[in-house]
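Just so it is clear, none of the values below were taken in a lab; they were calculated from the coordinates. Because the structure is predicted, anything quoted here is derived from the model rather than measured. Cβ atoms come from the backbone with ideal geometry, glycine included; neighbour counts cover every protein chain shown.
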Amino acid sequence: MPRVKRGTTHVARRKRLLAQTKGFKWGRKNLVRLASTAATKAGAHAYKGRKQKKRDNRSTWLVQVNAAVREHGLPYSKFADLLKKKNIQTDRKVLAALARTAPQAFGKFVEEIKK
């Protein structure tokens, strides 16, 4: 059997790995052994970060809605309770956007719910 040289595949694999770790600090950007673990961990942290981003956004929406509702003399907990009692199912993202972009409309919405 003829000899098989795997240099091209081996080089391509390392090249792809180093491309992933471009911009990292110290040896993690140009030493294959360090770059390998750095790329693996970066991927894991990126996955975790995408989940945390959703959590952080929801928290921000709640703060924004609370601030907007308090301007109309109502704490957030009472507002949420009134929404549930009136069977209004809007998500917090929409309420926060409404409070930010159209405060007058949000004020009318809150006054309607208070009744």
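Structural remarks
- Multiplying the residue separation of K53 and H10 by 0.36 nm and removing their Cα-Cα distance gives an extension gain of 11.8 nm.
- Computing Rg and the Kirkwood Rh from the Cα coordinates of region 51-109 gives a ratio, Rg/Rh, of 0.97.
- Net dipole in debye of the chain [+1 Lys, Arg Cβ; -1 Asp, Glu Cβ; about Cα centre; nearest 20]: 1240
- Computed from the C-beta positions of K84 and A42 and an R0 of 30 Å, the FRET efficiency is 0.10 to the nearest 0.05.
- Positive end of the dipole of the chain (Cβ unit charges, origin at the Cα centre): among A46, Q64, P103, the Cα lying farthest that way belongs to A46.
- Listed pairs K25/K54; K22/K48; K78/K115; K29/K51 exceeding 24 Å between Cα atoms: K25/K54; K29/K51
- Bins of 10 Å, starting at 0 and running to the largest distance - Cα pair percent for the chain: 12, 27, 14, 12, 14, 13, 5, 3, 0
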